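The values are calculated or read from the model by the stated rules, or taken from the named source; none is laboratory data. Predicted, not measured: the structure shown is a model, and the values here were computed from it. Using ideal geometry, Cβ is built from the backbone for each residue, glycine included, and neighbour counts are taken over all protein chains shown. For the accessible areas, the whole protein counts, side chains as well, though only heavy atoms, and no ligand, DNA or RNA atoms are used. Shrake-Rupley method; radii C 1.70, N 1.55, O 1.52, S 1.80 Å.
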Number of protein chains: 2
Amino acid sequence: MDTPHVVVVGAGFGGLAAARALVDAPVRVTIVDRANHHLFQPLLYQVAMAALSPAEIAVPIRALFRDERNVSVLMAEVTGFDLDARTVALDDGTSLSFDFLVVAAGAETNYYGHPEWAAHAPSLKSIEDALEIRRRVLVALERAESARHGAGDDAADEALRRKLLTFVVIGGGPTGLELAGAIAELARPIAKSDFRTLDPSWIKVILVEAGERLLATFDPRLSEKAAESLTELGVTVRTGVRVTNIDDQGVWIGEELIASSSILWTAGVRASGLAAKLSKEAGAPLDRGGRVVVGEDCALPGRPRVFAIGDLACFPTAGGSLPGVSPVAMQQGRHVAATIVRDLRGEPREPFRYFDKGSMATIGRQRAVAQVGKLRMSGVVAWLAWLFVHLWYLIDFKNRLSVLADWFWSYVRFRHGARLITGRERR
Amino acid sequence: MDTPHVVVVGAGFGGLAAARALVDAPVRVTIVDRANHHLFQPLLYQVAMAALSPAEIAVPIRALFRDERNVSVLMAEVTGFDLDARTVALDDGTSLSFDFLVVAAGAETNYYGHPEWAAHAPSLKSIEDALEIRRRVLVALERAESARHGAGDDAADEALRRKLLTFVVIGGGPTGLELAGAIAELARPIAKSDFRTLDPSWIKVILVEAGERLLATFDPRLSEKAAESLTELGVTVRTGVRVTNIDDQGVWIGEELIASSSILWTAGVRASGLAAKLSKEAGAPLDRGGRVVVGEDCALPGRPRVFAIGDLACFPTAGGSLPGVSPVAMQQGRHVAATIVRDLRGEPREPFRYFDKGSMATIGRQRAVAQVGKLRMSGVVAWLAWLFVHLWYLIDFKNRLSVLADWFWSYVRFRHGARLITGRERR
């Protein structure tokens, strides 16, 4: 028998964990991703805020598997599956055949039926997104500085300046909090030190959340702590507020307009479209978030050699389903790798069990909230925990030392980070 | 009398030198640039080759003048001048009035009447260009790796792979040499370590120069040395070869096609279009490269308070005119700053004198050629000189230590640099 071929779709936390757990297994592994790099998404907001450079939180997938001769990397987009023929279709018209398939393509931004909002309110999923958000925030400051050269219409100048200096973050999850906190912490000192005519007090950061509280999946006391921390940083927190439209004037909440030229969208994700394709092929149901429902071994029903893990999989639990967070994806990745090895050895499968290590969100540079089991933390202690956990997982790469040094270096330099505006306007 | 207002257009080497020389002068300075950063262009090829990150060779202009309260920075594009009214027109429809004007807008790429070539052969002038070139080179390797999944037509696969792995650099000046050397040095080790099906020997790097020798402005012996060094690195050097067309098949030299999907253009620059606008306003002649001819004080004829310096100015000398290199721009920048101060003190002007410190070009990581006065250097000694000079000028910034550390760190990591493919296809 030929060496079994495992195809892993997606090099996020889930796919990477699966592939890494297979480097010593008697299989060939091919990782397919449309990007050439693995992205450490939890720190993406720091790239958006110019505190880190892209190279500090992204690593070429090839570099991670340079010494693993049983792993190949293919930069391509998966366009579909033929599970009977055991093939994966690629965007260049070719296909890959597999013995085992692990689909870990993650999630994409959900504008809930309003794709036209994307142009006005970019989301934060890729390096390109982060650089676009960075560009918009920095350009807004530049434009506000030069608004003094207006035609002399003071009221119009003032309205324009206010619009340019109002930053709206939509979505009260961890990413929204991190972005809002970082903007508040960064924009005012920059306005003060680097600009000549901007008054730091003109800068408004507004966090808008449709639900009744921030961090809906956290303990309510932590939601409150988070709101307090944001307020201390000068962020206006507005919960229970539903966005009805986003256009070039700003954010509409019914009849109310929040005039803003820098709107960031973190309000929702839905599973990658590949989940629906798997669902159709395997006859497996989709959940409300477009995730394909998997069995307790993370395989599709009736397709024991096809696994779906991470953000595009719905893993049912007693209380509902596992959340779309990186620990779930990583643990599932390792589990399906172990399952493949068991299969090859003729051993029985074991069901996947999620070990919940807790969750955390950071707000600015000295505050965070965290819950681990029954433990609730906030303030500096939680922030240090956040830092430690992120460093720990960030450096889970070959070039541990260098990434750690780079990152730490940039982190302590925070206020002196290179705030480069690059790229062309995207609309 | 109000504090005199000096407007500096362009934050390259010339504009920055002028502005920095005026920080203690009794003037207000406004620097206008369409980018928000000063770019250390001599190392841009290292960003293109993924050895450095953009933030390591670019610094926000604001950061450079954070503590100089008499300097303002404006991110805007200059669209024209009214020298009689003493105003500069900006792209947002507003204008700036000046008492003294220093135009240092540099040069842009010259495709010699073939703007359509730009889509196939990007040039290297901005961070965006560098990231685009990086993207193309890395994507070419990725595509070549996946070409094995072709439809089974071996001859077509082979032709495609050859096209993908042929890199053509057009132009035998310092930038062309640096790019060709870096590609040769980088691509083969990457192909070997990171890819599974690429044979490093398939990679071809071709340097095409229309003139009879490389580095036309250098001593002919150094041109020869440079060609030897390139050949040792595995670059095919073709001089005396005129490109007649560039399309999606590759580079045409008459009837001969060099099939290539990665073509880089370094064959020529022409002065910024602002030179022509100054020429029209002041009645000053333009030279063949579109540069405006200035007097011996770097001012326009009949316009003593309007200076043009650097790559967009033609400064006549006994033998012709000063070359478009950064030392000329920097020395002119300092000279016009001193001239403005003299004017304000009522002292007579002095003519500008260029002190030629020599020129150098590097080829790969251990070879360079340099000429300083009558001295000619090549090999490792010249490379060390190159390194020293570039470090010296690179760190001529406020955050000397951090940039130096960052850069050195990335430099020693060379082979492990983060080779990220970012951005969308640009065509």
Inset, instruction - With respect to B:LEU43, determine if the residue is at pLDDT below 95, out of contact with any strand residue (DSSP E or B) (no Cβ under 7 Å at 6 or more places or on another chain) and away from every other protein chain (no Cβ under 11 Å). - result: yes
Legend entry - Selection status of B:ALA151, open to solvent by 30 Å² or more (accessible area, probe 1.4 Å), of a type in the set (A, V, I, L, M) and modelled with pLDDT under 90: yes
Inset, instruction - Identify all residues within region A:371-388 that are open to solvent by less than 50 Å² (accessible area, probe 1.4 Å) and either over 17 Å from A:THR217 (Cβ atoms) or out of contact with any Leu (no Cβ under 8 Å at 6 or more places or on another chain) (or both); write none if there are none. - result: A:MET377, A:GLY379, A:ALA382, A:TRP383, A:ALA385, A:TRP386, A:LEU387
Legend entry - Every residue from region A:161-194 that is within 14 Å of chain B (Cβ to nearest Cβ) and either open to solvent by less than 30 Å² (accessible area, probe 1.4 Å) or at positive phi (or both): A:LEU164, A:LEU186, A:ALA187, A:ILE190, A:ALA191, A:ASP194
Legend entry - For B:VAL7: the one exception among (1) assigned to a strand (DSSP E or B); (2) in contact with a helix residue (DSSP H, G or I) (Cβ under 6 Å, 6 or more places away or on another chain); (3) of a type outside the set (Gly, Ala, Ser): (2)
Inset, instruction - For residues that are farther than 20 Å from B:ARG134 by Cα and modelled with pLDDT of 85 or more, scanning just region A:48-65, find the one that is farthest from the other protein chains (Cβ to nearest Cβ). - result: A:ALA48
Inset, instruction - Answer with yes or no whether A:SER262 is surrounded by 21 or more Cβ atoms within 10 Å (Cβ to Cβ), among the polar types (S, T, N, Q), more than 14 Å from every other protein chain (Cβ to nearest Cβ) and out of contact with any Gly (no Cβ under 9 Å at 6 or more places or on another chain). - result: yes
Legend entry - Yes/no for B:GLU56 being farther than 30 Å from B:ALA259 by Cα, among the acidic types (Asp, Glu) and in contact with a Phe, Trp or Tyr (Cβ under 8 Å, 6 or more places away or on another chain): yes
Inset, instruction - Those residues that are open to solvent by 20 Å² or more (accessible area, probe 1.4 Å) and either more than 10 Å from every other protein chain (Cβ to nearest Cβ) or not in a helix (DSSP H, G or I) (or both), I need them from region A:125-136; list them, please. - result: A:LYS125, A:SER126, A:ARG136
Inset, instruction - Please tell me if A:VAL139 is in contact (Cβ under 8 Å) with a residue 24 or more places away in the chain, of a type in the set (Val, Ile, Thr) and either open to solvent by 40 Å² or more (accessible area, probe 1.4 Å) or away from chain B (no Cβ under 14 Å) (or both). - result: no
Legend entry - Selected residue [more than 27 Å from the chain's Cα centre (by Cα), in a strand (DSSP E or B), surrounded by 17 or more Cβ atoms within 10 Å (Cβ to Cβ) and touching a residue at least 24 places away in the same chain (Cβ under 8 Å)] from A:LEU96, A:LEU101: A:LEU96
Inset, instruction - Give the residues of region A:144-160 that are touching a residue at least 12 places away in the same chain (Cβ under 8 Å) and away from every other protein chain (no Cβ under 14 Å), sorted by residue number. - result: A:ALA159
Inset, instruction - Check region B:293-301 and report whether any residue there is without any contact (Cβ under 8 Å) to a residue 60 or more places away in the chain, under 25 Å from B:GLY113 (Cα atoms) and buried (at least 22 other Cβ atoms within 10 Å of the Cβ). - result: no
Inset, instruction - Name the single residue, out of those in region A:108-123 being among the hydrophobic types (A, V, I, L, M, F, W, C) and open to solvent by less than 20 Å² (accessible area, probe 1.4 Å), that is farthest from A:ALA21 (Cα to Cα). - result: A:TRP117
Legend entry - Top-ranked residue of region A:200-212 - restricted to ones that are of a type in the set (D, E, K, R) and farther than 13 Å from A:LEU164 by Cα, ranked as most open to solvent (accessible area, probe 1.4 Å): A:GLU212
Legend entry - Yes/no for B:THR175 being touching a residue at least 60 places away in the same chain (Cβ under 8 Å), polar (S, T, N, Q) and in contact with a strand residue (DSSP E or B) (Cβ under 7 Å, 6 or more places away or on another chain): no
Inset, instruction - Could you tell me whether any residue of region B:113-122 is within 14 Å of another protein chain (Cβ to nearest Cβ) and either touching a Leu at 6+ places or on another chain (Cβ under 9 Å) or farther than 28 Å from B:SER229 by Cβ (or both)? - result: yes
Legend entry - Failed condition for A:LYS163, given (1) closer than 29 Å to A:THR244 by Cβ; (2) touching a helix residue (DSSP H, G or I) at 6+ places or on another chain (Cβ under 7 Å): (2)
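So that you can scan it fast, the table gives a plain yes or no per residue for (1) at positive phi; (2) surrounded by fewer than 19 Cβ atoms within 10 Å (Cβ to Cβ); (3) not in a strand (DSSP E or B):
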position: A:GLY14; (1), (2), (3): no, no, yes
position: A:PRO26; (1), (2), (3): no, yes, yes
position: A:VAL32; (1), (2), (3): no, no, no
position: A:HIS38; (1), (2), (3): no, no, no
position: A:TYR45; (1), (2), (3): no, no, yes
position: A:ALA55; (1), (2), (3): no, no, yes
position: A:ALA63; (1), (2), (3): no, no, yes
position: A:ASP67; (1), (2), (3): no, yes, yes
position: A:ALA85; (1), (2), (3): no, yes, yes
Legend entry - Qualifying position, being aliphatic (A, V, I, L, M) and open to solvent by less than 60 Å² (accessible area, probe 1.4 Å), among A:ALA156, A:ALA216: A:ALA156
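Residue-wise test of (1) farther than 19 Å from B:ALA104 by Cβ; (2) surrounded by fewer than 16 Cβ atoms within 10 Å (Cβ to Cβ); (3) touching a residue at least 12 places away in the same chain (Cβ under 8 Å); (4) acidic (Asp, Glu).
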| site | (1), (2), (3), (4) |
| --- | --- |
| B:PRO323 | no, yes, yes, no |
| B:GLN331 | no, no, yes, no |
| B:ARG349 | no, no, yes, no |
| B:LYS357 | yes, yes, yes, no |
| B:MET360 | yes, no, yes, no |
Inset, instruction - For region A:74-89, name all the residues that are in contact with a strand residue (DSSP E or B) (Cβ under 6 Å, 6 or more places away or on another chain) and at the interface with chain B (Cβ under 8 Å from one of its Cβ atoms). - result: A:LEU74, A:ALA76
Inset, instruction - Return yes or no: is A:ASP2 away from chain B (no Cβ under 13 Å), part of a loop (DSSP other than H, G, I, E, B) and of a type in the set (Asp, Glu)? - result: yes
Legend entry - Hits in region A:219-243 (condition: open to solvent by less than 10 Å² (accessible area, probe 1.4 Å), in contact with a Phe, Trp or Tyr (Cβ under 8 Å, 6 or more places away or on another chain) and either within 14 Å of chain B (Cβ to nearest Cβ) or under 26 Å from A:ALA159 (Cβ atoms) (or both)): none
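Conditions (1) open to solvent by 20 Å² or more (accessible area, probe 1.4 Å); (2) in a strand (DSSP E or B), marked per residue:
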site: B:ILE246; (1), (2): no, yes
site: B:TRP252; (1), (2): yes, yes
site: B:ALA276; (1), (2): yes, no
site: B:PHE307; (1), (2): no, yes
